Amino acid sequence: MSFFKKSTRYEVEQFGGFGIFTLLFFIFLYAPIIILIIFSFNENSSATIWTGFSLDWYRTALENDGLRSSAWNSVFIATVAGGISTIIGTFAALSTSRRAKWKGKKATFGSIMLPLLLPEIVTGVALLAFFSAIGLSIGRGNLIIAHVLFCIPFSYLPIRARLDGMDDSLEQAAMDLYSNEWRAFFKVTLPLLMPGIVSGAMLAFIVSMDNFIISLLVAEAGSTTLPIFIFGMVRMGVTPDVNAVSTLILIVSVAIFSLAHLIERKR
Amino acid sequence: MRVNGDSAILINGLRKVYESTENGVVALKRADLEVLCGEFFTLLGPSGCGKTTLLRLIAGFEYPTEGEIHLFGKNIANLPPFKRPVNTVFQNYALFPHLTVAENVAFGLQGLKKAKSEVAEIVTEMLEMVHLGHLADRHPDKLSGGQRQRIALARALAPRPEVLLLDEPLSALDLKLRQAMREELKRIQEQTGITFIFVTHDQEEALAMSDRIAVMSEGQIQQIGTPEEIYESPSNQFVANFIGETNLVNIEVVGVNNGTVECSVAEGLILKCTNNHNVVSGDKRTLSIRPENIRFVDPSTSGALPCKLIEKTYIGTDIQYQVALADGVELRLREQNTWRDGKDRCSHALGDELAIDVPVGATQILAD
């Protein structure tokens, strides 16, 4: 036996120990999450010692009014901000990839993507200063504005990628077949772009649900989001009801992603 | 009612410059041409010659920098594509992947706001015409290349355009399918009576299908004529070289009598040809001689030119020879590889001293 198994092609599994490293890698990725899920069913109030199975912590979590209202708050903000940023992202993608080359094309693309690279703390502080400077205080409105801002690149990217992969001869064919610009857009461009738009909206929704730093800085009293509320709970010590909430959020996220995947595969 | 022989498309001084780049790329220097109603007209040329630009200008995907395009007397040069009664078969077919075959074919008719019953009727008729009625509910990605091609054709013909534009529609198909589609296209053109403007870089395709051909190069039309005219009497070096194979020989006119010209090729080497360009003594021109028109003859024949065989290539149907004449002038010639009463087909050997005959009518003086 040599170190490399005989093969005519270059395949990574020929390297010795490939299987073990793969296994370690997946343990590293998922072990903490699996442990979190297991302990959410713990009977005991300790987050580290298993004593028996129970659903009590789920009841405790769901009966927590603060948790419920902050979860609702987060879903509302993510839906509105995700929706708005997807609409803006669609327009941005159309206007950057469906027109003749112009001078500032690269710069425009860069400016749209820049919020991805900016440190969140910078964006957060800037927004906080800006809102107080203009005296804007509309509760959840402030959070929605902030979330739209950092969600745009996330919804823009998949839409643009889809659009770039779409031959513009399809739109030409539509125009050739007696469709004006509007009919060509609604009958051809939009339906073909839909999977990209759905992915963009999903991404924006998840990113918004997940955001902590900017939300913490911008949120006003009475408009707490779920991550901020959970952070508050953890400060008192990790109790299994936090595990239960986290498990619920995980289930929702996985469900949304699976749904998006199914929608995309269908077409 | 349109009558065959009417002018379907009349193009005057059409010019296209792409301004997006620094200096502006001239895609079409100047085009003047007329396509007649019911004609199968081909734009033929190498890639980058401006043929696709010309087609896109007629379709309306580009607007001209200068010039006019008349469709049955009406200038359409500045109308958007959806206001031109002209349809296109795209090179990559451009079928709508989210629609079924039937919905694809119906797309143009719905754009024209035809009644539902009429749309359904025409779609059925069109799918019958291309023999694909059984695929009406499939999506394009479930079809083979040849089937997509026919659906693209059915979709473009369904609104009954005044002129059908075809942008290299056969180039993505394999050889056997391409030849079958040629006949199919020709049949459909004759059946529908619609004027076809066909773009291709394949000269064989152009010669086999067209009523008339416009040969293009470097943004200009080089010659317009029937396949026979283009092949037999090319007007310039580009056309002679691009269509089929030819020998181009530089000559000086040394004598003109009764429509026959004596051309000096080299010291002591005179070729005779018909005077189709009114040349006079002293003119320096180029001659085009097709290889299949030159014959080996017995050296004692009058007018025979002595030569030496320097290359011989067996290519199946033909045998191709290269011979050297006086003063280093070389000519290519072809002989059909036929069975001649037991005579060895390739009896000539390299280095043999032979003689050839170049018939008077077989040589063409080119315009430039």
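The values are calculated or read from the model by the stated rules, or taken from the named source; none is laboratory data. Values in this document were obtained by computation on a predicted structure and should not be read as measured data. Because the Cβ atoms are built from the backbone with ideal geometry, glycine has one as well, and the counts that use them run over all protein chains shown.
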Against the condition surrounded by fewer than 16 Cβ atoms within 10 Å (Cβ to Cβ), out of contact with any Lys or Arg (no Cβ under 7 Å at 6 or more places or on another chain), among the aliphatic types (A, V, I, L, M) and within 25 Å of B:Gln320 (Cβ to Cβ), how does B:Leu207 come out, does it pass?
no
Residues in the range A:69-95 that are surrounded by fewer than 16 Cβ atoms within 10 Å (Cβ to Cβ), of a type in the set (Ser, Thr, Tyr) and closer than 15 Å to A:Met113 by Cα: how many?
1
Checking B:Arg138 against (1) more than 9 Å from every other protein chain (Cβ to nearest Cβ); (2) under 25 Å from B:Gly193 (Cβ atoms); (3) assigned to a loop (DSSP other than H, G, I, E, B), only one condition comes out false. Which one?
(2)
I'm checking my understanding of the structure. Among residues of the range B:151-160 that are within 20 Å of B:Thr42 (Cβ to Cβ) and more than 9 Å from every other protein chain (Cβ to nearest Cβ), which one is farthest from the chain's Cα centre (by Cα)?
B:Leu157
Qualifying positions in the range B:96-122 - surrounded by 14 or more Cβ atoms within 10 Å (Cβ to Cβ) and more than 25 Å from A:Asp167 (Cα to Cα):
B:Lys114, B:Val119, B:Ala120, B:Ile122
Can you work out which of the residues in the range B:163-190 that are of a type in the set (D, E, K, R) and crowded, with 18+ Cβ neighbours inside 10 Å is farthest from A:Tyr178 (Cα to Cα)?
B:Arg178
Could you please find all residues in the range A:223-254 being within 21 Å of the chain's Cα centre (by Cα) and either of a type in the set (Ser, Thr, Tyr) or more than 18 Å from A:Ile34 (Cβ to Cβ) (or both)?
A:Ser223, A:Thr224, A:Thr225, A:Leu226, A:Pro227, A:Ile228, A:Phe229, A:Ile230, A:Phe231, A:Ser246, A:Thr247, A:Ser253
Are there any helices (runs of 4 or more DSSP H) wholly within the range A:107-210 with 2 or more residues that are more than 23 Å from the chain's Cα centre (by Cα) and free of Cβ contacts under 8 Å to residues at least 24 places away in the same chain, and if so which?
A:120-134, A:169-176, A:181-184
Contacts under 6 angstrom Cβ, first residue in the range B:311-327 being assigned to a strand (DSSP E or B), partner among the acidic types (Asp, Glu) and surrounded by 15 or more Cβ atoms within 10 Å (Cβ to Cβ), 6 or more apart:
B:Ile319/B:Glu335
When you scan the range B:282-334, how many residues do you find that are touching a Gly at 6+ places or on another chain (Cβ under 7 Å) and modelled with pLDDT under 85?
1
Top-ranked residue in the range A:96-130 [being more than 18 Å from A:Ile152 (Cβ to Cβ) and hydrophobic (A, V, I, L, M, F, W, C); ranked as surrounded by the most Cβ atoms within 10 Å (Cβ to Cβ)]
A:Leu128
Can you tell me which of B:Ala240, B:Ala172, B:Ala208, B:Ala180 is within 14 Å of chain A (Cβ to nearest Cβ) and of a type outside the set (Ser, Thr, Tyr)?
B:Ala172
Taking A:Ala78 as meeting all but one of (1) under 30 Å from A:Ala146 (Cβ atoms); (2) in contact with a Leu (Cβ under 8 Å, 6 or more places away or on another chain), write down the number of the exception.
(2)
Hits in the range A:143-180 - residues which are surrounded by fewer than 20 Cβ atoms within 10 Å (Cβ to Cβ), more than 7 Å from chain B (Cβ to nearest Cβ) and among the small types (Gly, Ala, Ser)
A:Ala161, A:Gly165
Whether any residue in the range A:82-92 is of a type in the set (S, T, N, Q) and out of contact with any helix residue (DSSP H, G or I) (no Cβ under 6 Å at 6 or more places or on another chain) is what I want to check.
no
What are the residues in the range B:281-329 that are over 19 Å from B:Leu350 (Cβ atoms) and under 27 Å from the mean Cα position of the chain (by Cα), if any?
B:Arg285, B:Thr286, B:Leu287, B:Ser288, B:Ile289, B:Arg290, B:Glu292, B:Asn293, B:Gly316, B:Thr317
Of the residues in the range B:54-69, those that are touching a residue at least 60 places away in the same chain (Cβ under 8 Å) and more than 24 Å from B:Leu109 (Cα to Cα) come to B:Leu54, B:Ile69
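Matching residues to (1) at pLDDT below 95; (2) among the hydrophobic types (A, V, I, L, M, F, W, C); (3) crowded, with 16+ Cβ neighbours inside 10 Å; (4) touching a strand residue (DSSP E or B) at 6+ places or on another chain (Cβ under 8 Å):
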{"residue": "B:Leu14", "(1), (2), (3), (4)": "yes, yes, yes, yes"}
{"residue": "B:Tyr18", "(1), (2), (3), (4)": "yes, no, no, yes"}
{"residue": "B:Glu22", "(1), (2), (3), (4)": "yes, no, no, no"}
{"residue": "B:Gly50", "(1), (2), (3), (4)": "yes, no, yes, yes"}
{"residue": "B:Thr65", "(1), (2), (3), (4)": "yes, no, yes, yes"}
{"residue": "B:Thr88", "(1), (2), (3), (4)": "no, no, yes, yes"}
Only one of B:Phe41, B:Phe82, B:Phe61, B:Phe90 that is at negative phi, within 10 Å of chain A (Cβ to nearest Cβ) and out of contact with any Ser or Thr (no Cβ under 6 Å at 6 or more places or on another chain)
B:Phe61
Examine the range B:269-278 for a residue that is in a loop (DSSP other than H, G, I, E, B), in contact with a strand residue (DSSP E or B) (Cβ under 7 Å, 6 or more places away or on another chain) and either within 20 Å of B:Glu335 (Cβ to Cβ) or not assigned by TED's automatic domain parsing to the domain that holds B:Val358 (or both), and state whether such a residue exists.
no
Just a yes or no: is a residue in the range B:335-344 under 30 Å from B:Pro46 (Cα atoms) and not assigned by TED's automatic domain parsing to the domain that holds B:Asp202?
yes
